[in-house]
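Chemist: Handing you this structure, nothing more for now.
The values are calculated or read from the model by the stated rules, or taken from the named source; none is laboratory data. Everything quoted here is computed from the prediction, not taken from an experiment. Using ideal geometry, Cβ is built from the backbone for each residue, glycine included, and neighbour counts are taken over all protein chains shown. Ligands, DNA and RNA are stripped out before the accessible areas are found, and what is left, the full protein with its side chains, is counted by its heavy atoms. Shrake-Rupley method; radii C 1.70, N 1.55, O 1.52, S 1.80 Å.
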Amino acid sequence: MSHQVSLRQPKAVWAVAFACVIAFMGLGLVDPILPAIAAQLHANPSQVELLFTSYMLITGVAMLITGAVSSRIGTKWTLLTGLFLIVLFAALAGSSHSIGQIVWFRAGWGLGNALFIATALAAIVGLASGGTAGAIILYEAALGLGMSTGPLLGGWLGGISWRGPFFGVAILMAIGFISVLTLLPNLAKPQRKSSVLDPIRALRYGGLLTMAITALFYNFGFFTLLAFSPFVLNMDAHGLGYVFFGWGVLLAITSVFLTPQLQSRFSTQKILYAMLLLFALDLATMGLIVSAHTPFIDILGYEISSRTVLIVLIIVAGGLMGINTTLITTAVMHVAPVERGIASAAYSFVRFVGGAIAPWLAGKLAERYAPSVSYYVAAVAVFLGMLVLVSGRRYLNRGS
């Protein structure tokens, strides 16, 4: 992969990239306000975690229709439809008066998110100057910027009111909608109209199925850490915003800068084995810290706050997750002999299931057993993802 990305891009590319930043902001924006929503709407953690579950589940299922929609109405109008739905449902979520309402509106937000993110990469690649590799790095940079600034903005707005982050997304996405509407030209529709079944059929290729199941288990750990940790840290919205800003910054840095360096020295599979194992160990260590039930831990003769150790582990996990996410996504693009959009939709459909189950299950396990159990289960899931990758290496080597 080229390490260079030209900053001399058409205005249309920057319009889509800006909207990408806001779309990926939506993932982490609600993180700092989860405890506040639970307290003010009298909900338990597993109920609040449904905000992630409904969003991720609908995003995953909707991935099956994104190709069919964009091949019929075109890239620009698919992007605009997705952006409009995000604006609408983010504003409705901010106007809600119960957990149930927010959960349903987050599902609508997930539909808009699926239509947008599934099409945005193709739009940037099609319009950007400097080649495909540079365009992908630009997309990854937008992803990293959104993931890192989302919690920071969420913490700042959430310090005013838990409704603030939802209205913030609606306003920013409305700006993104206007930018795309005015700056993005109409791109040519593909000659062949995609079918809803195309992504399902693509999963018959062993390499793609292996990567999708690996990503499912990996996403289980990803969203346990992202959605459940705010309840364990016991911090206000501002504090949580800073913690997950640090997590997102390291995710962005490793994704865009460190991953290409590692790829130039080691094979993708070997890097993934190492990163998945380290991420599983990170989650297991978090479980051990939480299960200790002590405010301070002795490390090499120094008494360190348990919360401080958890914060460090969360931020370190961001670095591991940045490498993992980039490598898994890159590998998916090369393992199945189908169009990039179809491969991406198939992989996203499967992996978002893991992202949907994890937050709700983490909350339930914590309520029934202990918070540490949620992290142990997530660690086991990520380790299983590594085993799936090892077992399917013959498909990946063949690229089939």
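Chemist: Determine the pairs where a residue that is in contact (Cβ under 8 Å) with a residue 60 or more places away in the chain and outside any helix (DSSP H, G or I), located within region 71-83, has a partner that is aliphatic (A, V, I, L, M) and open to solvent by 10 Å² or more (accessible area, probe 1.4 Å) with Cβ atoms under 7 Å apart, the partner being 6 or more residues away or on another chain.
Modeler: From residues that are in contact (Cβ under 8 Å) with a residue 60 or more places away in the chain and outside any helix (DSSP H, G or I), the pairs are 74/187.
Chemist: Could you check how many residues of region 105-117 are within 28 Å of residue 183 (Cβ to Cβ), without any contact (Cβ under 8 Å) to a residue 40 or more places away in the chain and open to solvent by 20 Å² or more (accessible area, probe 1.4 Å)? Outline the logic, then answer.
Modeler: Residues of region 105-117 within 28 Å of residue 183 (Cβ to Cβ): 108-117.
After this cut, where a residue has to be without any contact (Cβ under 8 Å) to a residue 40 or more places away in the chain as well, the list is 112.
Now restrict to residues that are open to solvent by 20 Å² or more (accessible area, probe 1.4 Å): none.
The qualifying residues number 0.
Chemist: Based on this model, can you work out whether residue 132 counts as open to solvent by 40 Å² or more (accessible area, probe 1.4 Å), at pLDDT below 85 and part of a helix (DSSP H, G or I)?
Modeler: When the stated conditions are applied, residue 132 passes them.
Chemist: Something else: Determine, yes or no, whether residue 274 is open to solvent by 40 Å² or more (accessible area, probe 1.4 Å), of a type in the set (Gly, Ala, Ser) and modelled with pLDDT of 90 or more.
Modeler: yes
Chemist: Look through 88, 127, 92, 145 and report the one residue that is of a type outside the set (Ser, Thr, Tyr), under 17 Å from residue 21 (Cα atoms) and either more than 16 Å from the chain's Cα centre (by Cα) or modelled with pLDDT under 90 (or both).
Modeler: None of the others qualify; the one that does is 145.
Chemist: Spot the failing condition for residue 375; the list is (1) within 22 Å of residue 271 (Cα to Cα); (2) within 19 Å of the chain's Cα centre (by Cα), and only one is missed.
Modeler: (1)
Chemist: Within region 196-211, can one find any residue that is modelled with pLDDT of 85 or more, hydroxyl-bearing (Ser, Thr, Tyr) and under 22 Å from residue 27 (Cβ atoms)?
Modeler: No, that holds for no residue.
Chemist: So if I check each of 368, 340, which one is more than 13 Å from the chain's Cα centre (by Cα), of a type in the set (D, E, K, R) and closer than 16 Å to residue 204 by Cα?
Modeler: So the residue among 368, 340 that is more than 13 Å from the chain's Cα centre (by Cα), of a type in the set (D, E, K, R) and closer than 16 Å to residue 204 by Cα is 340.
Chemist: Determine which member of the set 102, 137, 160 is farther than 21 Å from residue 66 by Cα and free of Cβ contacts under 8 Å to residues at least 24 places away in the same chain. Talk me through it step by step, then tell me what you get.
Modeler: Values: 102 fails: free of Cβ contacts under 8 Å to residues at least 24 places away in the same chain; 137 fails: free of Cβ contacts under 8 Å to residues at least 24 places away in the same chain.
That would be 160, the only listed residue that is farther than 21 Å from residue 66 by Cα and free of Cβ contacts under 8 Å to residues at least 24 places away in the same chain.
Chemist: Identify, please: which residue in region 7-43 is at pLDDT below 85 and part of a loop (DSSP other than H, G, I, E, B) and is, among those, least open to solvent (accessible area, probe 1.4 Å)?
Modeler: Filtering region 7-43 for residues that are at pLDDT below 85 and part of a loop (DSSP other than H, G, I, E, B), the one least open to solvent (accessible area, probe 1.4 Å) comes out as 30.
Chemist: Got at least one residue in region 166-184 being in contact with a Lys or Arg (Cβ under 6 Å, 6 or more places away or on another chain) and either more than 22 Å from residue 86 (Cβ to Cβ) or open to solvent by less than 60 Å² (accessible area, probe 1.4 Å) (or both)?
Modeler: yes
Chemist: Here is a further query. Mind checking which residues of region 346-378 are small (Gly, Ala, Ser) and crowded, with 21+ Cβ neighbours inside 10 Å? If you could, list the steps in order and put the result at the bottom.
Modeler: Quick first cut of region 346-378, residues small (Gly, Ala, Ser) only: 346, 348, 354-356, 358, 362-363, 366, 370, 372, 374, 378.
Answer for region 346-378, where residues must be small (Gly, Ala, Ser) and crowded, with 21+ Cβ neighbours inside 10 Å: 346, 348, 354, 355, 356, 358, 362, 363, 366, 374, 378.
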